Amino acid sequence: LSHMALPEHVHYCWEVLDAYFRGAEDPQPPSLYEEPYPFFVTWKTVTPDGHLDLRGCIGTLSPQSLENLRDYVFRSALRDRRFEPITAEEMPSLVCYVSLLTNYEDASGPDDWE
């Protein structure tokens, strides 16, 4: 499998979090890939000097349907134990990433990486 996360995945994550803060109905998930993937949803804050600071990141190494992105939006934005939950006021300074984990390589041990 060699698919990449698409802008539609990131847009969906934004819509889910925005709907949550507005008390609105959840958006429809994009139906772009039927295959399950391991994936991560990452939020970063753009600082006044333009740097990106990690604000939340949670995912799964188990292949899952991308319909589960919604759950990981909430886990990464509101329940990452390393950070306070993201607030509606932070939305204008946030950047979102969706990472689909593909093309795994065998490793000889925990130190076998580049």
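The values are calculated or read from the model by the stated rules, or taken from the named source; none is laboratory data. Everything quoted here is computed from the prediction, not taken from an experiment. Note that each Cβ is placed from the backbone with ideal geometry, even for glycine, and that neighbours are counted across all protein chains shown. Remember, those area values only see protein heavy atoms, side chains included, never the ligands or the DNA or RNA. Shrake-Rupley method; radii C 1.70, N 1.55, O 1.52, S 1.80 Å.
Let's see how each residue does on (1) in a strand (DSSP E or B); (2) open to solvent by less than 40 Å² (accessible area, probe 1.4 Å); (3) in contact with a helix residue (DSSP H, G or I) (Cβ under 9 Å, 6 or more places away or on another chain):
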position: HIS3; (1), (2), (3): no, no, no
position: GLU8; (1), (2), (3): no, no, no
position: HIS11; (1), (2), (3): no, no, no
position: ASP18; (1), (2), (3): no, no, yes
position: PHE40; (1), (2), (3): yes, no, yes
position: THR60; (1), (2), (3): yes, yes, yes
position: PRO63; (1), (2), (3): yes, no, no
position: ASN68; (1), (2), (3): no, no, no
position: ARG75; (1), (2), (3): no, no, no
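Return the residue satisfying two criteria in turn: it lies in the stretch 84-114 and is farther than 14 Å from LEU54 by Cβ and among the hydrophobic types (A, V, I, L, M, F, W, C), and of such residues it is most open to solvent (accessible area, probe 1.4 Å). Outline the logic, then answer.
Initial filter on the stretch 84-114 (farther than 14 Å from LEU54 by Cβ): 85, 87-89, 91-92, 98, 100-114.
With the extra rule that they be among the hydrophobic types (A, V, I, L, M, F, W, C), the set shrinks to 88, 91, 98, 100-101, 107, 113.
Details: ALA88: 45, MET91: 29, VAL98: 17, LEU100: 23, LEU101: 47, ALA107: 64, TRP113: 186 Å².
The selected residue is TRP113.
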